[in-house]
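First the structure, in the form of structure tokens, and then the observations on it.
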Amino acid sequence: MGSPRWFYSSSEKWVPWLAFVAIGTLIVGAVWGLAFAPVDFKQGNSYRIIFVHVPTSAVAMAGYMIMATAAAISLIWKMKLAQVVMKCCAPIGAGMTLISLISGSLWGKPTWGTYWIWDARLTSMLILFFLYLGVLALYEAFEDSESAFKAGAVLSLVGSVNIPIIYWSVEWWNSLHQPATIKFTEESTMHSDMLQPLLLMIAGFYCFYALLLLVYTRSEILFRERNTQWVKAIVAKKCNDNFTDKSLQS
């Protein structure tokens with residue numbers, strides 16, 4: 001699994017299946033949650049943004065821990081694939097965090113009467129977004145790729161302290177943000193008719209994140225290994241296949 005060449009060749013068959021599961025789950029979950037889930041007796045239909053806000057928030061935090069784990073593995077064991085994964089996690093995680101912040105602000109307006117407050121949960125999520133951007137900026141700030149990676153890896157590891165702060169912020173401080181709806185040790189406070197499509201959307205966003213990370217990692221591997229014989233062989237094979245297909249069509 002640590003070999004870029006092995007990972008690229010073996011992961012090719014995962015892409016269509018992962019895409020099918022991700023897209024199918026998101027479509028079913030979105031239709032279920034937006035069209036068939038009951039109206040909340042306090043928030044009305046405005047609560048339905050939860051089907052986007054909660055999954056993207058969860059994936060943004062989990063994605064950062066994946067990035068930090070990949071950074072640690074690469075620093076300790078010098079695995080090139082882990083370095084590639086760490087780099088690819090940053091833009092995807094930043095996008096998920098941005099969607100979480102925007103959807104949370106849109107939900108906050110009808111719920112709290114304002115788009116933004118310097119609440120502990122919101123502020124720590126904003127810090128998470130800046131951490132993702134910081135890793136991306138460090139990759140562009142250094143001409144030497146190895147120095148850029150080490151700087152980004154250090155920031156990834158240091159920034160991982162923010163993840164438990166985000167998760168427990170609503171418990172540690174007085175907050176307008178509601179406590180966790182889904183708990184591992186207690187029964188959920190949501191009705192099952194709302195909880196089931198939410199869980200489906202969370203699963204769909206995780207699959208979608210995995211799909212994006214897989215595709216981006218495969219692309220980054222090809223770019224980094226472009227001068228190796230195995231990549232040249234793949235490119236040559238695809239060119240020959242395209243030429244053969246065009247010849248048959250002619």
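The values are calculated or read from the model by the stated rules, or taken from the named source; none is laboratory data. The structure displayed is predicted, hence computed values, not measured ones. All Cβ positions, glycine included, derive from the backbone under ideal geometry; neighbour counts span all protein chains shown.
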Here's a check for you: in the stretch 40-57, which residue that is among the hydrophobic types (A, V, I, L, M, F, W, C) and assigned to a helix (DSSP H, G or I) is farthest from M201 (Cα to Cα)? I49
Can you work out which of the residues in the stretch 72-94 that are within 16 Å of L133 (Cβ to Cβ) and touching a residue at least 60 places away in the same chain (Cβ under 8 Å) is surrounded by the fewest Cβ atoms within 10 Å (Cβ to Cβ)? P91
Run S219 past the list (1) farther than 17 Å from P16 by Cβ; (2) under 19 Å from the mean Cα position of the chain (by Cα); (3) free of Cβ contacts under 8 Å to residues at least 60 places away in the same chain and report the number of the one that doesn't hold. (1)
Here is a check on your reading of the model: is S169 within 20 Å of Y64 (Cα to Cα) and among the polar types (S, T, N, Q)? yes
In the stretch 222-240, how many residues are closer than 27 Å to G95 by Cβ, assigned to a helix (DSSP H, G or I) and in contact (Cβ under 8 Å) with a residue 40 or more places away in the chain? 2
Only unsatisfied item for V215, checking (1) modelled with pLDDT of 95 or more; (2) in contact with a strand residue (DSSP E or B) (Cβ under 9 Å, 6 or more places away or on another chain), is (2)
Inspect all residues belonging to the stretch 69-89 and state whether any of them is touching a Ser or Thr at 6+ places or on another chain (Cβ under 9 Å), over 18 Å from A210 (Cβ atoms), in a helix (DSSP H, G or I) and of a type outside the set (A, V, I, L, M). yes
Top-ranked residue of the stretch 7-56 - restricted to ones that are modelled with pLDDT of 95 or more and polar (S, T, N, Q), ranked as surrounded by the fewest Cβ atoms within 10 Å (Cβ to Cβ): T25
Considering only residues that are out of contact with any Gly (no Cβ under 7 Å at 6 or more places or on another chain) and under 23 Å from S124 (Cα atoms), which ones fall in the stretch 137-162? A137, A151, G152, A153, V154, S156, L157, V158, G159, S160, V161, N162
